[in-house]
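These notes are about the structure you will find just below.
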Amino acid sequence: MNETEVPSVAGATALSQWQRVACTFTAPSKTFEDIKRGKRSWWLPFVITIVAGYILFAAITFKVGWGQVADNVLRSDAKTEEKLANAPAGARETALKYTQYSIEGGFAAAPLLVLAFVALGSLGLWGTINFVFGGKATYGSVFAVWFFADLPRIIKSLLGAVAIFAGGAPESFNLQNFAPTSVGAFLSQQETAKAL
């Protein structure tokens, strides 16, 4: 059966985009059943994800600064720090600028990068579902499911922005863990054993 020909479940009504977003957090099965019934629109979770990402981008830009982020990234890796200490005089500044521009550019290009990543990931999942497991999923359904299933990640971006605006020290900002939700986030990366 083609996905558009799936009969609607008795009493099931189609959800609006906003209802599907809300159900992703409260009753995920409703969202995914709606997608299964042929409602494959994915634009709203994409927009919400990008807006949450740009809120974090703004927090980092205004409160931490991309130069500080790059410096923190380089200092957090002991091997890189050692290499730069033994390198010629301008090597640290060059590495710092390259790191800064690549991280900032990655954040700025997030919409395109997210779309490309989800498109390729969905293609891999679609092939696995249909050809390895003998399923009957459509690419559009897998694409939509990916966006809705990934929606809870916005909580991390928003928590990170709140933590930054709440007054976190720029020198201790960790791009790997920008939403401190455990005690480990408050320990010094340079002075604490990795296992801790």
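Looking only at region 51-79, filter to residues that are of a type in the set (A, V, I, L, M) and surrounded by fewer than 16 Cβ atoms within 10 Å (Cβ to Cβ); which one of those is nearest to Q176 (Cα to Cα)? Outline the logic, then answer.
Residues of region 51-79 of a type in the set (A, V, I, L, M): 51-52, 55-56, 58-60, 64, 69-70, 73-74, 78.
Checking which are surrounded by fewer than 16 Cβ atoms within 10 Å (Cβ to Cβ) leaves us with 51, 58, 78.
Values: V51: 20, A58: 17, A78: 15 Å.
Here the answer is A78.
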Within region 88-99, is there a residue that is under 23 Å from L159 (Cβ atoms) and among the charged types (D, E, K, R)?
no
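Here is a check on your reading of the model: is G134 closer than 30 Å to K36 by Cα and either in contact (Cβ under 8 Å) with a residue 12 or more places away in the chain or among the aliphatic types (A, V, I, L, M) (or both)?
no
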Would you be able to tell me the number of residues in region 86-107 that are in a helix (DSSP H, G or I), of a type in the set (G, A, S) and loosely packed, with under 13 Cβ neighbours inside 10 Å?
3
How many residues of region 36-49 are within 28 Å of A109 (Cα to Cα), assigned to a helix (DSSP H, G or I) and in contact (Cβ under 8 Å) with a residue 40 or more places away in the chain? The answer is 4
Residue under question is K83, and the condition is that it be free of Cβ contacts under 8 Å to residues at least 40 places away in the same chain and either of a type outside the set (A, V, I, L, M, F, W, C) or in contact with a strand residue (DSSP E or B) (Cβ under 6 Å, 6 or more places away or on another chain) (or both); does it hold?
yes
For region 143-153, name all the residues that are buried (at least 19 other Cβ atoms within 10 Å of the Cβ) and either under 13 Å from A22 (Cα atoms) or small (G, A, S) (or both).
A144, F148, L151
Restricting region 22-32 to residues that are buried (at least 17 other Cβ atoms within 10 Å of the Cβ) and out of contact with any Lys or Arg (no Cβ under 6 Å at 6 or more places or on another chain), the one farthest from F148 (Cα to Cα) turns out to be F32
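Computed from the coordinates by the stated procedures, all read-outs in this text should not be read as laboratory data. As the structure is a computational prediction, the values presented were derived from the model and not from experiment. With ideal geometry, Cβ positions are generated from the backbone for all residues, glycine too; neighbour counts draw on all protein chains shown.
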